[in-house]
Amino acid sequence: MVKYQYVILDADHTLFDFDRSEKAALLTTLRDFGLPANPSIHRIYQDINKPLWRRLEAGAISATELKYQRTQQLFQHIAQQHQHEGVEKTLAHIDLHDFLEHYLQALAQAVFLLPGVRATLSLLAPRCRMMILTNGIHAMQKKRLQNAGLEKLFSGLIASDQIGAAKPDVRMFSAALELLGHPPKQQVLMVGDQLATDIAGANQMGIPSCWVHPAANRALTHPIQPTYAITRFDKLLHIVQSDADPQTQ
């Protein structure tokens with residue numbers, strides 16, 4: 001028996017090992033543009049990126065502003081750290097748009113699925129309709145799905161740059177339900193790794209949710225509560241196809 005006939009899935013950190021992909025793409029792009037590519041630069045990049053993503057999710061900046069601001073801040077850091085190595089001259093000749101496009105192409109190629117994802121999605125596909133709802137960039141996420149060989153398993157993909165809003169904004173979830181043909185909400189399950197975006201948005205929309213996170217086996221004291229919490233993606237199959245109790249799996 002299938003309890004949820006429609007499954008909406010987040011992409012990064014839910015299906016994809018985004019940290020691994022991001023690091024590989026960043027180092028490749030820096031090297032290709034003749035810039036220092038010490039592995040520790042990825043931590044700096046993440047420190048720059050995370051507060052900008054929080055601003056995006058709060059509706060304070062657009063996806064385009066995020067991309068340019070984080071790259072400009074990264075370049076400023078590189079210039080400060082390597083000011084005696086002639087790096088400023090290299091940076092002065094780099095077109096920011098070209099760098100961003102190169103990075104996004106590298107990111108689309110650096111595809112690493114999290115454990116259990118491919119097998120579980122293959123088993124779910126004949127049982128329910130699945131779609132992607134992501135705060136990422138549509139063109140890049142579509143390419144990553146293609147490169148992973150997963151695109152045909154999904155009914156569609158909605159990204160925040162198409163909607164002009166980011167999860168947990170209800171406009172994202174409304175667009176997802178519209179793409180699915182406005183099914184009964186009790187037949188829809190939102191699956192993601194972020195309580196503040198994936199789960200909060202589902203709760204606002206009144207649809208069941210599943211939090212996928214290694215810490216999901218701990219008692220949840222967070223004010224945002226998912227319907228289900230699982231520590232591994234492969235446990236999703238049991239939730240979708242049966243009357244699993246709303247509890248940690």
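The values are calculated or read from the model by the stated rules, or taken from the named source; none is laboratory data. Keep in mind that what you see is a predicted model, and the values were worked out from it rather than measured. Cβ sites come from the backbone with ideal geometry, for glycine too, and all protein chains shown count toward neighbours.
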Regarding segment 218-235, can at least one residue be identified that is among the aliphatic types (A, V, I, L, M), in contact (Cβ under 8 Å) with a residue 60 or more places away in the chain, assigned by TED's automatic domain parsing to the domain that holds ASP169 and out of contact with any His (no Cβ under 6 Å at 6 or more places or on another chain)?
no
Unmet criterion (only one of (1) at positive phi; (2) surrounded by 15 or more Cβ atoms within 10 Å (Cβ to Cβ)) for GLU57:
(1)
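Which residue is surrounded by the fewest Cβ atoms within 10 Å (Cβ to Cβ), if the candidates are limited to segment 202-213 and must be farther than 17 Å from LEU180 by Cα and out of contact with any strand residue (DSSP E or B) (no Cβ under 6 Å at 6 or more places or on another chain)?
GLN204
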Test GLN225 against the stated conditions and say whether it is surrounded by fewer than 23 Cβ atoms within 10 Å (Cβ to Cβ) and part of a helix (DSSP H, G or I).
no
What is the number of the single condition among (1) crowded, with 18+ Cβ neighbours inside 10 Å; (2) farther than 24 Å from LYS142 by Cα; (3) of a type outside the set (Ser, Thr, Tyr) that ILE44 does not meet?
(1)
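Answer yes or no as to whether MET190 is in contact (Cβ under 8 Å) with a residue 40 or more places away in the chain and crowded, with 19+ Cβ neighbours inside 10 Å.
The answer is yes for MET190.
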Residue that is more than 18 Å from LEU91 (Cα to Cα), surrounded by 15 or more Cβ atoms within 10 Å (Cβ to Cβ) and outside the structural domain of MET190 (by TED's automatic domain parsing), where the choices are ALA25, ALA11:
ALA25
State yes or no: is PRO39 surrounded by fewer than 15 Cβ atoms within 10 Å (Cβ to Cβ), outside the structural domain of GLY164 (by TED's automatic domain parsing) and modelled with pLDDT of 90 or more?
no
For segment 157-168, check the following and say yes or no: at least one residue is at pLDDT below 95, touching a strand residue (DSSP E or B) at 6+ places or on another chain (Cβ under 9 Å) and among the small types (Gly, Ala, Ser).
yes
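For segment 83-108, give me the residue count where each residue is exposed (fewer than 14 other Cβ atoms within 10 Å of the Cβ) and either polar (S, T, N, Q) or under 26 Å from LYS235 (Cα atoms) (or both). Full working, then the answer.
First pass over segment 83-108, keeping only residues exposed (fewer than 14 other Cβ atoms within 10 Å of the Cβ): 83-86, 89, 92-93, 95-98, 101.
Cutting the leftovers down to either polar (S, T, N, Q) or under 26 Å from LYS235 (Cα atoms) (or both) gives us 83.
Result for segment 83-108: 1.
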